[in-house]
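A.B. asks: Before I ask anything, let me first share the structure, which is written out below as structure tokens.
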Amino acid sequence: MQSPTGRREQPVFPLGLAFLAGQLDRFDVSAVDPSLDGTESVVRALESRRPDAVAVSLRNIDDSSWPRTWSYLDPFEEIISCLYGFPGTVIVGGPGFSIYAREIMARHPRIDIGIAGEGEEALPEVLSRIAAGSLPESALIEAPRADLASISPPRYDILDLKRYEKGFGIGVQSRRGCAFGCAYCTYSFLGGSSFRMRPIRAVLGDIRAISGIAAGSFQFVDSVFNAPAGYFRELVRALADDPPGMSWGAWLDTSVTDEDLAVMAAAGAVKVDFSPDAITKKGMRSLGKRDDPGALWSRVRAARRSGLSVGVNFFVGNPGEGLSALLLKVAFMLRARLLLGWSRTFVNIGTVRVYAHSHLASEMEAAGQAPGGFLPPVFLEPKGLSAYLFRSYRRLRDGRHEP
Ligand code: B12
């Protein structure tokens with residue numbers, strides 16, 4: 001099961017669990033999603049299915065929003081308390097868990113086994129041991145990275161996929177890891193600091209599997225879809241040659257060309273997102289970004305010209321950026337929405353949530369900052385007038401989008 005969000009949110013299909021289920025053909029597997037069906041669905045499933053083990057995927061710790069932060073740990077705790085009467089083994093993993101594995105294990109003694117990292121090899125091994133009547137020696141396992149050329153495909157049929165098809169709720173993964181090492185980011189901790197690509201035919205196979213069940217859209221969950229460029233071009237060309245009949249979205253950086261965007265559109269892309277995060281050279285350098293602030297406008301305009309909707313993410317409070325940078329971001333937002341289409345151009349301004357195992361966290365630790373660690377939310381908070389303006393913007397936005 002995936003740990004529930006505890007509030008109404010756009011449903012996200014548990015892609016990690018689908019990959020794991022794909023490797024468990026020797027076992028009898030079934031899934032529940034208490035985000036959609038409530039905690040009662042877990043209790044009912046335990047009673048009716050009487051499993052030997054329960055695997056919980058903890059994806060998120062909090063929503064990384066400042067000044068109001070939603071914690072996903074409370075709904076996780078609710079799920080764990082349901083498992084106190086359960087006689088079998090409780091196994092927890094997932095990206096949120098992996099970033100804070102020790103802390104979460106210490107808080108929740110009911111967790112028998114924690115698996116930090118990718119579960120494709122480790123989970124079947126642990127389940128085989130349980131079936132043989134033993135548990136691994138250590139309660140916390142640092143899992144090896146999966147060999148993406150040899151794993152079996154994810155199982156998109158573990159839950160009713162149609163319930164996730166709106167709003168890019170279904171994910172497709174073509175690569176893991178990230179070579180770019182942005183200062184706040186955990187992707188290289190989670191998946192390694194180079195891109196590890198899946199065979200293109202495996203990715204196309206996943207898309208075929210999805211289109212056989214659900215007709216809507218999907219999102220490439222890869223960190224930067226247009227890198228490495230050779231792999232990206234081969235993949236989108238293959239999709240354009242035989243379009244999947246589904247619309248899709250992906251995250252890009254500003255090195256994407258006009259031609260790339262046109263091929264993507266021909267291949268079914270309808271939305272792309274950019275994460276320049278900063279708007280000045282200084283701000284980008286401080287975040288370790290390789291995007292070019294000068295190229296951003298031209299890439300957003302080119303994407304719109306190819307008929308794609310565009311999202312742009314900025315952060316406020318970046319080192320080296322103050323009030324004038326915030327005003328530039330707001331001006332970018334207005335210019336983009338007014339000139340490129342109000343309803344198809346989105347600009348989000350958020351804050352940097354400092355996660356453990358990021359470069360920023362190491363720097364703060366070395367400087368003796370954040371003595372309470374990074375499980376309680378730590379942010380790069382904007383200061384002075386920027387903070388006031390940002391709070392007002394959030395109030396306006398949250399008021400409009402209250403679930
Ligand atoms: C794509 C993505 C999104 C997309 C999802 C689109 C889609 N249709 O799937 C969108 C934009 C919707 C999104 C939203 C959010 N996201 Co997001 N997202 C990601 C991203 C980039 C990839 C996730 C993914 O699908 N991975 C692919 C699958 C195959 O991998 P996996 O889930 O990690 O599973 C593997 C392992 O973790 C493990 N595993 C997983 N579960 C289990 C369970 C067990 C028992 C075991 C043993 C192992 C195991 O094995 C799996 C196979 O190897 C990750 C970053 C990353 N690189 O992981 C962030 C990430 C998960 N997101 C994050 C956040 C904060 C959010 C939001 C809260 C942001 C917001 N403010 O709204 C929301 C929450 C939405 C929600 N309800 O879950 C954070 C969570 C960090 C944390 N500690 O809390 C991450 C880690 C990014 C970061 N900032 O570091 N996200």
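All of the numbers you see were taken from the coordinates with simple rules; none came from a lab. All figures in this text were calculated on a predicted structure; none of them were measured in a lab. Positions of Cβ are backbone-derived with ideal geometry, glycine not excepted, and every protein chain shown enters the neighbour counts.
A.B. asks: Translational diffusion coefficient of the stretch 180-401 at 20 °C, 1.002 mPa s, Stokes-Einstein with Kirkwood Rh over Cα pairs, in µm²/s as a whole number.
C.D. replies: My calculation gives 114 µm²/s for D.
A.B. asks: How much length is gained if the chain between Glu40 and Arg110 is pulled fully straight, taking 0.36 nm per residue apart and subtracting their Cα-Cα distance, in nm to one decimal?
C.D. replies: Length difference between fully extended and current span is 23.3 nm.
A.B. asks: A further question on this structure: Quick one: check the C-alpha center-to-center distance for the stretch 211-268 versus the stretch 153-194, whole angstrom.
C.D. replies: Going from one Cα centre to the other spans 14 Å.
A.B. asks: Given R₀ = 51 Å, what would the calculated FRET efficiency be for Ser134 paired with Lys166, taking r from the Cβ atoms and rounding to 0.05?
C.D. replies: The formula returns an efficiency of 0.70 here.
A.B. asks: Turning to a different aspect of this structure: What's the magnitude of the charge dipole for the chain around its Cα centre, counting Lys and Arg as +1 and Asp and Glu as -1 at the beta-carbon? Answer in Debye, nearest 20.
C.D. replies: It comes to approximately 1580 debye.
A.B. asks: A follow-up question, please. Hey, for a label at Ala179 modelled as a point 7 Å past Cα toward Cβ, could you say which residues of the stretch 288-304 have their backbone N under 11 Å away?
C.D. replies: Correct set: none at all.
A.B. asks: Follow-up. Can you work out the FRET efficiency for the pair Tyr84 and Glu142, with r the C-beta to C-beta distance and R0 = 35 Å, to the nearest 0.05?
C.D. replies: 0.85
A.B. asks: Averaged across orientations, what area in nm² does the convex hull of the alpha carbons in the stretch 68-185 project?
C.D. replies: Its average projected convex-hull area is 10.5 nm².
A.B. asks: If I build a Gaussian network model for the chain, linking alpha-carbon pairs within less than 10 angstrom, which residue out of Phe314, Phe97, Phe86 has the largest mean-square fluctuation?
C.D. replies: In this elastic network of the chain, the residue with the biggest mean-square fluctuation among Phe314, Phe97, Phe86 is Phe86.
A.B. asks: Any lysines with Cα under 27 Å of the Lys162 Cα? List them, leaving off those in the same chain fewer than 8 positions away.
C.D. replies: Lys271
A.B. asks: Right, something else. How big is the stretch 15-142 by the Kirkwood estimate over distinct Cα pairs, in Å?
C.D. replies: Evaluated over the stretch 15-142, this radius sits at 15.2 Å.
A.B. asks: Given R₀ = 30 Å, what would the calculated FRET efficiency be for Ser324 paired with Glu234, taking r from the Cβ atoms and rounding to 0.05?
C.D. replies: Rounded to the nearest 0.05, the efficiency is 0.10.
A.B. asks: Rank-order 251-257, 134-140, 234-240 by packing density, defined as the average count of other C-beta atoms within 10 Å over each peptide's residues, highest first.
C.D. replies: My ranking of the peptides, most packed first, is 251-257, 234-240, 134-140.
A.B. asks: Once whole DSSP H runs in the chain are found, which of them have Cα atoms spread over 20 Å or more along the helix axis and a mean Kyte-Doolittle score of at least -0.5?
C.D. replies: In the chain, the long hydrophobic H runs are 323-340.
A.B. asks: Here's another thing I want to ask about it. What is the distance, in nm, between label points placed 7 Å from the Cα along the Cα-to-Cβ direction at Arg50 and at Ala149?
C.D. replies: 4.5 nm
A.B. asks: Taking Cβ-Cβ under 4.7 Å as the only way to count a partner, pick out the unpartnered cysteines of the chain.
C.D. replies: Cys82, Cys178
A.B. asks: Now for a different question. Based on C-alpha coordinates, I'd like the Rg and Dmax of the stretch 298-403, in Å.
C.D. replies: Rg, Dmax (Cα atoms, Å): 16.4, 48.
A.B. asks: Under a straight-distance cross-link criterion of Cα-Cα below 28 Å, which lysines are reachable from Lys383, leaving out those fewer than 8 residues away in the same chain?
C.D. replies: Qualifying lysines at Cα under 28 Å: Lys281, Lys282, Lys289, Lys329.
A.B. asks: In Å, what Rg and Dmax follow from the Cα atoms of the chain?
C.D. replies: For the chain, the Cα-based Rg and Dmax read 21.4, 65 Å.
A.B. asks: On a full-extension model of 0.36 nm per residue, what is the gain between Arg290 and Asp25, subtracting their alpha-carbon distance, rounded to one decimal in nm?
C.D. replies: Extending this stretch completely gives an extra 91.2 nm.
A.B. asks: Could you give the dipole magnitude of the stretch 258-316 about its Cα centre, charging the beta-carbon of Lys and Arg +1 and that of Asp and Glu -1, in debye to the nearest 20?
C.D. replies: 240 debye
A.B. asks: Here is a follow-up. Farthest toward the dipole's positive end in the chain, which of Pro371, Ala209, Leu20, given Cβ charges of +1 (Lys, Arg) and -1 (Asp, Glu) about the Cα centre?
C.D. replies: Pro371
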